[in-house]
Amino acid sequence: MEIRIEDTIREVAPALTVVAIEADIHNCPTPDGLWDLLEHAARDIAAVTELGDVNKRPGIKATRDVYKALGKEPNRYRPSSEALTRRAVKGMELYRINAVVDLINLVSLLSGYSIGGFDAGKIDGDTLTLGVGREGEPFDAIGRGPLNISHMPVYRDNIGGVGTPTSDNERTKLDESTTRLLMCINIYGEEMAVADVVEMSVDLLGKFAEADNISVKYYRP
């Protein structure tokens, strides 16, 4: 899979790095060991973070700034990393979904980056294009139904949108039948070092998803 970044994104996000990790995986219900890591991370972040400071985390702030530059209100359409961090800081129960989704959530919570997780077998074509959502463009967000993605960064395949920093699409979502993962780490401004977030992601995929045939690619404007 290749990623192509459109000029509209290049103009508003010159510091962007997209890390695309592909791997053969065995997805399964979330193991207790992974869930313990996620809950521990949530408690640690809640212990040192005030709710009003969540959107000041460098990775989250940089994503919000891109939303604003594109004309999207980030308080109404929060990036997923911000929504997850806010949930942790509020002490709300996290969603337990499956091993790969929850390890992506763990990486997102620790790094501050919004991460797209896609079933590569459900993507139409061999290229994703990162561009800007259009008025009225259909998008069926996971667990929330139709999402207004206008003026929002969006990955598209040959059919249409598959992911935004706010939510991914039902059509390409990860479930326990997924055998090939595409994980896109969206770094609009650095918080955790790129090498560290890659190392953590690959390590977790090996431990909890039996990842094999792993490839890591980097894309920048």
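Assorted remarks:
- For LYS217 and ASP126, the difference between the fully extended length at 0.36 nm per residue and the C-alpha to C-alpha distance is 31.3 nm.
- Whole-percent carbon and sulfur share, accessible surface of the chain, 1.4 Å: 49
- Tensor-based shape of segment 61-184 (alpha-carbon gyration tensor, a/c under 1.5 rounded, otherwise prolate or oblate): oblate
- Taking Cβ atoms as reference points and 11 Å as the exclusive limit, the residues near ALA23 contribute a net charge of -3, counting Lys and Arg as +1 and Asp and Glu as -1.
- Rounded if a/c under 1.5, otherwise prolate or oblate - segment 1-55, Cα gyration tensor axes: oblate
- Near VAL194: Cβ cut-off under 13 Å, other residues only, Lys/Arg at +1 and Asp/Glu at -1. The net charge is -2.
- Loop GluC sites (Glu not before Pro), segment 163-194 (other Cβ atoms within 10 Å of the site Cβ: 15 or fewer; DSSP): GLU176
- VAL202 accessible area, 1.4 Å probe, all protein chains in place, Å² to nearest 10: 50
- Net charge in the neighbourhood of PRO58 (other residues with Cβ under 15 Å of its Cβ; Lys, Arg +1, Asp, Glu -1) is -2.
- Selection from ASN55, ALA23, LEU38, by position along the positive dipole direction of the chain (Cβ): ASN55
- For segment 1-111, a/c is not less than 1.5, where a ≥ b ≥ c are the root eigenvalues of the C-alpha gyration tensor, and a/b does not top b/c. That puts it in the oblate class.
- The chain: translational diffusion in µm²/s, Stokes-Einstein, Kirkwood Rh over Cα pairs, 4 °C, 1.567 mPa s: 75
- If the chain linking ASP36 and GLU210 were pulled fully straight, counting 0.36 nm for each residue of separation and taking away their Cα-Cα distance, it would gain 60.8 nm.
- Subtracting the Cα-Cα distance of HIS26 and GLU2 from 0.36 nm times their residue separation leaves 6.4 nm of extension gain.
- Normalising the average separation of contacting C-alpha pairs (under 8 angstrom, six or more residues apart) by the number of residues puts the relative contact order of the chain at 38 percent.
- The chain - mean residue ellipticity at 222 nm from DSSP helices (-39,500 (n - 2.57) per run, n ≥ 4, rounded to 500): -10500 deg cm²/dmol
- Taking all protein chains into account, the per residue accessible area for the chain stands at 44 Å² (1.4 Å probe).
The values are calculated or read from the model by the stated rules, or taken from the named source; none is laboratory data. Computed from a predicted model, the values in this text were never measured in an experiment. Cβ atoms come from the backbone with ideal geometry, glycine included; neighbour counts cover every protein chain shown. When the accessible area is computed, the model is the full protein with side chains, heavy atoms only, and any ligands, DNA or RNA have been set aside. Shrake-Rupley method; radii C 1.70, N 1.55, O 1.52, S 1.80 Å.
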